[in-house]
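The values are calculated or read from the model by the stated rules, or taken from the named source; none is laboratory data. All figures in this text were calculated on a predicted structure; none of them were measured in a lab. Here the Cβ positions follow ideal geometry from the backbone for every residue, glycine too, while neighbour counts run over all protein chains shown. Heavy atoms of the whole protein, side chains included, go into the accessibility calculation; ligands, DNA and RNA do not. Shrake-Rupley method; radii C 1.70, N 1.55, O 1.52, S 1.80 Å.
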Amino acid sequence: SRLRRLGMMLSSSCCHSPLSLIDVKGFDPKDVCVTMKDGRVTVSAERKEECNTCTGKRCCYRKYMKEFSLPPSCCDKEVTYSV
């Protein structure tokens, strides 16, 4: 399903539909950070993977960040998120 493909959903008790659906595929829930300040939501995630191969060391670094404003009718304290 669509919701299954999308990794994170932000919602609010003042809004009956989700505020945002954010695809965080490839990140563990512990890698994802959500902060709210002054009516703005920031979703960020970082992941670093290192592995040794027969030809040397391989490192993969991924970073994601999305920021958006809450609707005027929403309060920071009413916003929840789930992964």
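A few notes on this one:
- Remark: the range 39-83 carries a charge dipole of roughly 260 debye about the Cα centre, counting +1 on each Lys and Arg Cβ and -1 on each Asp and Glu Cβ.
- Across K25/K57; K25/K48; K30/K77, pairs whose alpha-carbon gap is larger than 20 Å: K25/K57; K30/K77
- Label point at V83 placed 7 Å out along Cα→Cβ; residues across the range 54-68 whose backbone nitrogen lies under 13 Å: 64
- Solvent accessible area, Å² - S69, 1.4 Å probe, full protein context: 70
- Å² of accessible area per residue within the range 30-69, as computed with a 1.4 Å probe and no ligands counted: 79
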